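Comments concern the structure below.
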Amino acid sequence: MTVLLCGPRGFCAGVDRAIQIVVLAIKKYGAPVYVRHEIVHNRYVVEGLEAMGAVFVEDLSEIPDTGQPVIFSAHGVPKSVPEEASKRKMFYLDATCPLVSKVHKQAMRHNAKGRHVLLIGHEGHPEVAGTMGQLPQGAVSLIKSVDDVEIFEAIDNSALGFVTQTTLSIDDTMDIITALKKKFPAIAAPSAESICYATTNRQEAVKAAAPGCDWFFVVGAPNSSNSRRLVEVAERVGAANALLVQCEKDIPWQDLNGSHRIGISAGASAPEVLINEIIDSFKRRFKAKIELAVTAIEEEEFRVMRELRDVPLTNSDMAFVNGAG
């Protein structure tokens with residue numbers, strides 16, 4: 001059996017920064033530190049941070065007036081959230097991924113130029129809620145598919161601009177953008193690519209590794225958009241079976257007998273420790289040869305805010321932040 005391990009995989013710079021912010025805040029301000037929504041979409045990470053002293057909430061109303069910090073997740077939040085926090089005199093730290101913040105700015109730039117904004121994304125995803133919440137109600141319309149393009153009617157076809165969620169399928173998004181440009185030739189594109197480098201890199205690695213695989217496994221959470229897109233990409237390019245798994249226990253080991261080619265990748269919020277556990281299980285169960293399928297090298301780093309830069313991280317802190325456990 002050959003096991004192809006994709007690279008890049010797992011934590012991206014935005015996820016790494018968000019986790020660092022929670023760890024550093026706990027070290028500097030003590031527990032509890034409150035986090036609005038899962039800091040990233042992975043239960044292993046969330047539970048690890050809970051053990052350190054993080055308390056996850058879905059709404060600021062759940063947080064008592066203790067003066068302890070509240071952190072906004074990497075997915076971004078509507079403008080109303082920091083406004084409410086300011087009214088309550090809360091001390092907050094914004095862990096929004098810089099690439100998500102870039103999309104917010106792109107949407108606001110369209111709006112400032114008098115354009116109605118079309119956001120290509122998935123309904124209900126926190127990043128979508130955060131981006132739509134940057135502008136007044138009614139200023140943004142969500143486009144989920146090519147079908148949505150067909151039924152959307154603009155008040156002014158010459159005053160439209162689009163942005164996209166950062167974690168979408170590159171191919172599906174291009175289909176939607178093509179349909180938008182065909183129907184609305186004057187539509188303005190964002191000044192820079194909205195889909196983030198990490199999403200693009202992970203999908204390209206899967207495209208290289210998945211063809212001919214008997215099984216392709218993506219390590220990630222069910223509510224992780226970028227992880228689910230990797231499964232779809234693997235299926236599209238020719239993996240016989242593609243499955244999203246959260247850990248080693250989710251792999252249908254009994255169905256793998258007779259398989260010769262296995263692919264493995266991981267979403268941007270999946271820690272390397274979970275991938276290593278799966279690799280170790282393959283080595284124990286099969287005569288498995290591990291090969292790397294690397295299509296890009298990622299060297300991006302996003303610094304934490306100034307308030308936390310004076311806090312030292314121990315080796316164990318860094319191991320957790322980097323996904324090693």
Pairs, first closer than 24 Å to residue 121 by Cα and assigned by TED's automatic domain parsing to the domain that holds residue 268 in the range 211-229, second surrounded by fewer than 21 Cβ atoms within 10 Å (Cβ to Cβ) and of a type in the set (Ser, Thr, Tyr), C-beta under 6 Å, six or more apart: 229/169
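Listed here are the residues, each with its yes/no results for (1) small (Gly, Ala, Ser); (2) crowded, with 16+ Cβ neighbours inside 10 Å.
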| position | (1), (2) |
| --- | --- |
| 70 | no, yes |
| 76 | yes, yes |
| 80 | yes, no |
| 95 | yes, yes |
| 99 | no, yes |
| 142 | no, yes |
Give the residue that is farthest from residue 325 (Cα to Cα), with candidates limited to residues of the range 1-15 that are hydrophobic (A, V, I, L, M, F, W, C) and over 17 Å from the mean Cα position of the chain (by Cα). 1
Pairs with Cβ under 7 Å, 6+ apart, first in the range 147-169 and under 28 Å from residue 230 (Cα atoms) and of a type in the set (A, V, I, L, M), second in a strand (DSSP E or B) and at pLDDT 95 or above: 149/143; 163/117; 163/119; 168/120
Does any residue in the range 311-325 that is within 14 Å of residue 271 (Cβ to Cβ) come within less than 6 Å, Cβ to Cβ, of a residue that is in a helix (DSSP H, G or I) and of a type in the set (S, T, N, Q) six or more places away or on a different chain, and which pairs are these? 321/20
Subset of the range 271-289, residues touching a Phe, Trp or Tyr at 6+ places or on another chain (Cβ under 8 Å), closer than 16 Å to residue 253 by Cα and either outside the structural domain of residue 256 (by TED's automatic domain parsing) or part of a loop (DSSP other than H, G, I, E, B) (or both), comes to 288
Name the residue that is nearest to residue 216 (Cα to Cα), counting only residues in the range 19-60 that are small (Gly, Ala, Ser) and touching a strand residue (DSSP E or B) at 6+ places or on another chain (Cβ under 7 Å). 54
Any chance the range 10-18 includes a residue that's touching a residue at least 40 places away in the same chain (Cβ under 8 Å), within 30 Å of residue 216 (Cβ to Cβ) and among the aromatic types (Phe, Trp, Tyr)? yes
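The values are calculated or read from the model by the stated rules, or taken from the named source; none is laboratory data. All values derive from a computational prediction rather than experimental measurement. Ideal geometry is used to build each Cβ from the backbone, glycine not excepted, and the neighbour counts take in all protein chains shown.
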